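The values are calculated or read from the model by the stated rules, or taken from the named source; none is laboratory data. The structure presented is a predicted model; accordingly, all values stated were derived computationally and were not measured. Glycine gets a Cβ as well: all are built from the backbone with ideal geometry, and neighbour counts include every protein chain shown.
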Amino acid sequence: VTGGGGGIGRGIAAGFVAGGAQVYITSRSDLSTTAKELDSEGPGECIALRTDLSQDEDITALVAELTHRDGKLDVLVNNAGLGNVMHDFAEFPMAEWDRVNAVNVRAPFALTKECLPLLEAAGTVE
């Protein structure tokens, strides 16, 4: 669950943990305390992995870590996003626009693309 440290992302992670799943939460900040709190709420397990989704090398490192730990991924929740960015349209700084798009548009695409082998490894045909 990207952006799993608070709000909707934390709620999604909590639901999976309560259901007994092993859940990875990511954020640019340290979520080890959040992971411990979620661990205490259910039979599942929560693991925090610090990741800056605006950086390709962080996405690659995250996928490498997931591959090393499990070799598969049942669900990917692209929840992280920058939503508290307010500027008048005519004065919106292009650098800020690039940052918003890097996290809100590019990162989910890049992460899903890199996670595809892990998602396929978990898939079944019924």
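So, of the residues in the range 58-92 that are touching a residue at least 60 places away in the same chain (Cβ under 8 Å) and of a type in the set (A, V, I, L, M), which turns out to be surrounded by the fewest Cβ atoms within 10 Å (Cβ to Cβ)?
If we take residues in the range 58-92 being touching a residue at least 60 places away in the same chain (Cβ under 8 Å) and of a type in the set (A, V, I, L, M), then 77 is surrounded by the fewest Cβ atoms within 10 Å (Cβ to Cβ).
Quick one: how many residues across the range 12-32 are surrounded by fewer than 20 Cβ atoms within 10 Å (Cβ to Cβ), closer than 27 Å to residue 101 by Cβ and hydroxyl-bearing (Ser, Thr, Tyr)? Spell out the reasoning first.
As a first pass, look at the range 12-32 and keep what is surrounded by fewer than 20 Cβ atoms within 10 Å (Cβ to Cβ): 12, 15, 18-22, 28-30, 32.
Narrowing the set further to residues that are closer than 27 Å to residue 101 by Cβ leaves 12, 28-30.
Subsequent filtering for residues that are hydroxyl-bearing (Ser, Thr, Tyr) retains 29.
Summing the residues that are surrounded by fewer than 20 Cβ atoms within 10 Å (Cβ to Cβ), closer than 27 Å to residue 101 by Cβ and hydroxyl-bearing (Ser, Thr, Tyr) in the range 12-32 gives 1.
What helices (runs of 4 or more DSSP H), lying completely within the range 3-94, carry at least 1 residues that are over 20 Å from residue 116 (Cβ atoms)? Before the answer, list the steps.
Numbers: elements: 7-18, 32-39, 56-69.
By residue number, 7-18, 32-39.
Quick one: would you say residue 113 is outside any loop (DSSP other than H, G, I, E, B), among the basic types (Lys, Arg) and either free of Cβ contacts under 8 Å to residues at least 12 places away in the same chain or under 29 Å from residue 124 (Cβ atoms) (or both)?
On the way: outside any loop (DSSP other than H, G, I, E, B): yes; among the basic types (Lys, Arg): yes; either free of Cβ contacts under 8 Å to residues at least 12 places away in the same chain or under 29 Å from residue 124 (Cβ atoms) (or both): yes.
Yes: the conditions hold for residue 113.
Across the range 33-51, what is the total count of residues that are touching a strand residue (DSSP E or B) at 6+ places or on another chain (Cβ under 9 Å) and either at pLDDT below 95 or surrounded by 13 or more Cβ atoms within 10 Å (Cβ to Cβ) (or both)?
Counting residues in the range 33-51 that are touching a strand residue (DSSP E or B) at 6+ places or on another chain (Cβ under 9 Å) and either at pLDDT below 95 or surrounded by 13 or more Cβ atoms within 10 Å (Cβ to Cβ) (or both) gives 13.
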